[in-house]
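Take a look at the structure below.
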Amino acid sequence: MTTITDNSANEEKRSLSFVEQLVEEDLAEGKNGGRIQTRFPPEPNGYLHIGHAKAICMDFGVAERYNGVCNLRFDDTNPSKENTEYVENILNDISWLGFKWGNIYYASDYFEKLWDFAVWMIKKGHAYVDEQSSEEIARQKGTPTEPGVASPYRDRPIEESLELFKKMNTPEAVEGSMVLRAKLDMANPNMHFRDPIMYRIIHTPHHRTGTKWNAYPMYDFAHGQSDYFEGVTHSICTLEFVPHRPLYDKFVDFLIEKEGAEAANYRPRQIEFNRLNLTYTMMSKRKLLALVEEKFVSGWDDPRMPTLSGMRRRGYSPESIRNFIDSIGYTKFDALNDVALLEAAVRDDLNKKACRVSAVLNPVKLVITNYPEGQTEEMEAVNNPENEADGKHTITFSRNLWIEREDFMEEASRKFQRLAPGKEVRLKNAYIIKCDEEHPCDKDADGNVTTVYATYDPDTRSGMPGADRKIKGKTLHWVSADHCQKAEVRVYDRLFMVENPSADERDFRELLNPESLTVLKDCYVESYLAEKKPGDYLQFQRIGYFMLDADSTPDHLVFNKTVGLKDTWAKKSQNA
């Protein structure tokens, strides 16, 4: 197995992906003067999702690894779906992942060059204007097993096509009335070669060029040429572009012919890898847009969405996403990856960086009856046992506390190791307490426990000699009822109920999980969390990882649950 030494601090050796092997072969052969230049070419018609992150890691990663450059190019050839909001968020997401581009380009930068190239194609007899409808063109293209039928306009005079092509770029041209097609091979088994469309009419103002253009190039015509204009050496994309590669190469051949003999010393190479598919996740930008517009989610950055902005808001770290992508690797075969693998990568990374704090999500009052009224103590809490440099903070202890309702049971079995009549537990960073046997709790008229009563052992404060006393009970987290803040906590589940919603023939709206969001209104967190801000990674002890949401205000804290401490989804789905 070929290996490479990464430039990262740990200098660990890892296996080369097949893409990197091909890049190294090109370098060994001296292609393109030994240059490595890649590009990431998103269309600004939506927010980036986890699937794009895989492409970003490959495009930028190859450039970094081989001392090359990766440019960012916006494929803005369809103004009816694109806007500057998407551009700005794409820039933000790439930076958040930790990558830096060499230059920023737009396909619209090359509209003049592409137009001139199209005119050259017409003059050389390689392109013609077709006035058939889109339905007629689709019918006459044939099938994968039957050759297509030539358009009645295929052999129209060159001057006539030139005149009509010029007319296509006027405000008077009717959308759908004409297209420019390449004159290639209507019998080719590759359907993309059967006189593909190069230009179509669109009158929607462009977010950069305004109303200057009324005819816009198609992706297959603009992409390879943009790569060539920029000097891209390796155009790395996903497997759905494998059948497009012969057309990519053909258009580059034409462009090299136009540019002359010296241009033949360089040409970009397209390489395809498998796209990222996740269970219980939809990656179609069209369908994600529908979820946003139809208000099934709160926006592109809803924490249930597979978008990078949604994952960032939920509390995922960029390192966890990159580690996950590195772990699943790159192949030439599509696969469905278990979203639990991504969540495991998030847990692993957040365990190293999250600040440990106390929060009670389903509270019940605990009164320490032998603790003096009005007395308080400041208990030291370690911020992160994985990193001593993160220091400590204090949490106030008092007579009246909040604990989790599930941590008390009035009638408990021997195996129940939390608080129950006559049983002892340790309160995290504080004391050992014992639940009262004679009067363990108060209840309301419906029989719900409202208050639990216990006594504490003053010789067992954490850090004191008595703290070593062994008990069978577990350690419970808590917050002081008089020294905490009320908070709203949003708990997320899978957005879709089926494992592979993309493969399900039903309307994707029918597959949404009605319980994908649970809002807990009456939660309590230690006052220390008032100092935190969105972007700070937190672990609510014994519960999971959380992050403060942008909806928070000083008077109304809102937290998003990132992921639990353990994977409970598999067990829950088995029991369903």
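The values are calculated or read from the model by the stated rules, or taken from the named source; none is laboratory data. Just so it is clear, the model here is predicted, and its values are computed rather than measured. Using ideal geometry, Cβ is built from the backbone for each residue, glycine included, and neighbour counts are taken over all protein chains shown. Just so you know, the surface numbers come from the protein's heavy atoms only, side chains and all, with ligands and any DNA or RNA stripped out. Shrake-Rupley method; radii C 1.70, N 1.55, O 1.52, S 1.80 Å.
Does a label point 7 Å from the Cα of Glu29, set along Cα-to-beta-carbon, have any residues of the range 39-71 with amide nitrogen under 14 Å, and which are they? Hits in the range 39-71 for Glu29 at 14 Å: none. Measuring from a point 7 Å past the Cα of Ala150 along Cα-to-C-beta, which residues in the range 181-207 have an amide N at less than 18 Å? Those under the cut-off are 181-189, 193-197. Largest first, the residues Arg39, Arg494, Arg469 sort by 1.4 Å accessible area into Arg469, Arg494, Arg39. In plain terms, the chain from Leu289 to Thr209 could stretch by 26.4 nm, reckoned as 0.36 nm per residue minus the Cα-Cα distance.
Could you estimate the translational diffusion coefficient of the range 254-398 from the Stokes-Einstein equation, with Rh from the Kirkwood formula over C-alpha pairs, at 37 °C and 0.692 mPa s, in whole µm²/s?
Calculated translational D: 159 µm²/s.
Sequence-ordered 3J(HN,Hα) estimates for the range 406-415 from the Karplus curve with 6.51, -1.76 and 1.60 and θ = phi - 60° stand at 6, 8, 10, 9, 5, 10, 10, 7, 4, 6 Hz, glycine and proline given as x. Convex hull volume of the Cα atoms of the range 243-295, normalised per residue: 127 Å³.
Expressed as a whole percent, the accessible surface of the chain that belongs to carbon and sulfur atoms is 47, based on a 1.4 Å probe.
In plain terms, the chain from Asp442 to Glu175 could stretch by 88.7 nm, reckoned as 0.36 nm per residue minus the Cα-Cα distance.
For the range 457-548, the solvent-accessible area of protein heavy atoms averages 52 Å² per residue (probe radius 1.4 Å; ligands and nucleic acids excluded).
Ordering 238-245, 218-225 by mean Cβ neighbour count within 10 Å, with the highest value first, yields 218-225, 238-245.
Distance between the pseudo-spin-label points of Ser527 and Leu239 (7 Å out from Cα toward the beta carbon): 5.8 nm.
Net charge in the neighbourhood of Asn274 (other residues with Cβ under 12 Å of its Cβ; Lys, Arg +1, Asp, Glu -1) is 0. Between Asp493 and Glu112, the FRET efficiency from the beta-carbon distance, with R0 = 60 Å, is close to 0.75. Summed over the residues of the range 39-198 and divided among them, the accessible surface reaches 42 Å² per residue at a probe radius of 1.4 Å. With R₀ fixed at 45 Å, the C-beta to C-beta distance from Lys100 to Arg542 puts the FRET efficiency at about 0.70.
Relative contact order, percent, of the chain when contacts are C-alpha pairs under 8 Å separated by at least 6 residues? Once divided by the residue count of the chain, the mean separation gives 11 percent. At the residue level, Phe111 shows approximately 10 square angstrom of accessible surface with a 1.4 angstrom probe and all protein chains present. FRET efficiency for the pair Asn67 and Lys415, taken as 1/(1 + (r/R0)^6) with r the Cβ-Cβ distance and R0 = 60 Å, rounds to 0.50.
Pull out the extension gain between Glu377 and Thr143, defined as 0.36 nm times the separation in residues minus the alpha carbon to alpha carbon distance; nm, one decimal.
The Glu377-Thr143 span can extend by a further 76.3 nm.
Take the Cα of Asp185, go 7 Å toward its beta carbon, and the backbone nitrogen atoms of the range 113-130 under 19 Å from that spot belong to 125-128.
In the complete set of protein chains, residue-level accessible area for Leu538 is approximately 0 Å², probe 1.4 angstrom.
Listed values for the range 186-197 are Karplus-derived 3J(HN,Hα) couplings in whole Hz (6.51 cos²θ - 1.76 cosθ + 1.60, θ = phi - 60°), namely 6, 10, 5, x, 7, 4, 5, 8, 7, 6, x, 6, and x replaces Gly and Pro. For Glu272, nonlocal amide neighbours, meaning residues 5 or more places apart or on other chains whose placed amide H falls under 5 Å from its own, are Cys237.
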